[in-house]
Amino acid sequence: MVKEAIIIVTVSLVYISPAGADMYRWVDPDGVTHYSDTRPKAGQPTEVIKTPHYSEPIQNLKPVKTKTPLVRQPLKEPQKISQKKTSNKPRHQVQIFTTRRCRWSRKALGFLKTHNIHYKQYDLNRDQGAVELMRFLGGTGGVPFAVINGKAIQGFTSEAYKQALGLR
């Protein structure tokens, strides 16, 4: 059985032609360029693209020698990963409505940044839809107006923000 398989493989390798074939390029009446390994219809102007023929058989290639032998290193024990689960979801839900020139808006944003609180900011000068949203949420038109974890806060005091965020 093994001898028959070796004979079949050897005979098939002898009859395999070297890789490579001619390619054909032509343009159809619609102006589309085609590439194919088969000749197009007769009368079609065709360009023959010659591809290289590789004559050196693969078995004649010499192996590359390296200066140092390949040695498999023993696997290191994996480092233990903290069991603490982290969530990509922000801990607090904060929406804040501001204007560029309002110093209290800047103070409110600074407070949130200092305490690493993620927030969604709406600039009332640039977004008319933000004005409507603020009024829908209970804002009276003054800034800053924030909705922190569902609690609406008009103006800015650090005590009100700390209480809504559960900070000490």
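Every number here is computed from the coordinates shown, using simple stated rules; none is lab data. Everything quoted here is computed from the prediction, not taken from an experiment. Here Cβ is always computed from backbone atoms with ideal geometry, including for glycine, and neighbour counts include all displayed protein chains.
Worth a mention:
- A straight chain from residue 167 to residue 41 at 0.36 nm per residue would run longer than the Cα-Cα distance by 37.3 nm.
- Backbone geometry of the stretch 27-32 corresponds, through the Karplus equation with coefficients 6.51, -1.76 and 1.60 at θ = phi - 60°, to 3J(HN,Hα) couplings of 10, 7, x, 7, x, 8 Hz, x marking Gly and Pro.
- Sorting 161, 122, 24 from the fewest to the most surrounding beta carbons within 10 angstrom yields 24, 122, 161.
- Förster radius 22 Å - calculated FRET efficiency between residue 93 and residue 131, Cβ distance, rounded to 0.05: 0.60
- Put simply, the amide H of residue 122, placed in the peptide plane, has neighbours under 5 Å in 96, 97, 98, leaving out anything fewer than 5 places away on its chain.
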